[in-house]
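Engineer: One structure coming up, written as structure tokens, with questions to follow.
Every read-out reported here was derived from the displayed coordinates using simple, explicitly stated rules and does not represent laboratory data. These numbers come from a predicted model, not from an experiment. Reconstructed Cβ throughout: ideal geometry from the backbone, glycine too, with neighbour counts over all protein chains shown.
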Amino acid sequence: MTSEQWLSDYLERGRPGWWEPEPDAPDVASAAAARRLRGLLADPDSWAEPPAGLLGQVLASIDSERAGPPRPAAVPSPAAGRDDRRRTRMRRTVRAGAVALLAAAAVVIGIVVTRGPATTDVALAGTRLAPAASATARLHATPSGLAIELDVSGLPPSPPGFYYQAWMKGPGGLVTIGTFHLRGGPGTVELWSAVSLADYPTITVTREPEDGNPASSGQVVLTNHP
């Protein structure tokens, strides 16, 4: 596994025990840098519009650090030559690590930017079939359609022989956007839609029997339009 692959995997998903050095993983210092970068990427403030001229200032600082202060001329000695070569190798190693870090960060940032921020949050409430249930649907616009993160709470796992199905409804009819069961516990459900919220403004979740019938059962447990 290359440094770029290790860092991209950690930044995107996180890895248990990542702080323990592995034969094919970067050293502890690189892992600490990865942790800081992942924290920055997770911070909503990191995605704010940067001030004008910030990129130029950063590049100017890098150039200044690279140039360094002028040094007086000196007669090199064999020991000094060895030290210079050692420092050169260290600089190359650090530079290579920084390039790998930036390359992996660019991959992850590209994924985030492509997916985009949450464009709309839709609150869903439980019906008489699940009065304690609630959910928030976070809709993200992507090139493939709407990525929907349904954060569910208070909805019990579907019983054996049943499952939950999510829908979007509008004047054009009813469109299914995914199924789930919650038998592993509550959490976020990943759904997808090829239709827009403007055309299909009602989001519902129904309880469906495993009978092979693709039509909605009408047993609504969550909806944003009571």
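Engineer: Within the stretch 178-209, name every residue whose backbone N is under 20 Å away from a label modeled 7 Å from Cα of A141 along the Cβ vector.
Structural biologist: Once the point is set 7 Å along Cα→Cβ of A141, 191-203 turn out to lie under 20 Å by backbone N, inside the stretch 178-209.
Engineer: Ok, one more. Does the stretch 113-198 come out rounded, prolate or oblate by the C-alpha gyration tensor, with a ≥ b ≥ c the root eigenvalues, rounded set by a/c under 1.5 and, if not, prolate when a/b is larger than b/c and oblate if not?
Structural biologist: prolate
Engineer: For the residue pair V122 and N224, what label-to-label distance in nm results when each label sits 7 Å from Cα along the Cα-to-beta-carbon direction?
Structural biologist: About 0.4 nm, to one decimal.
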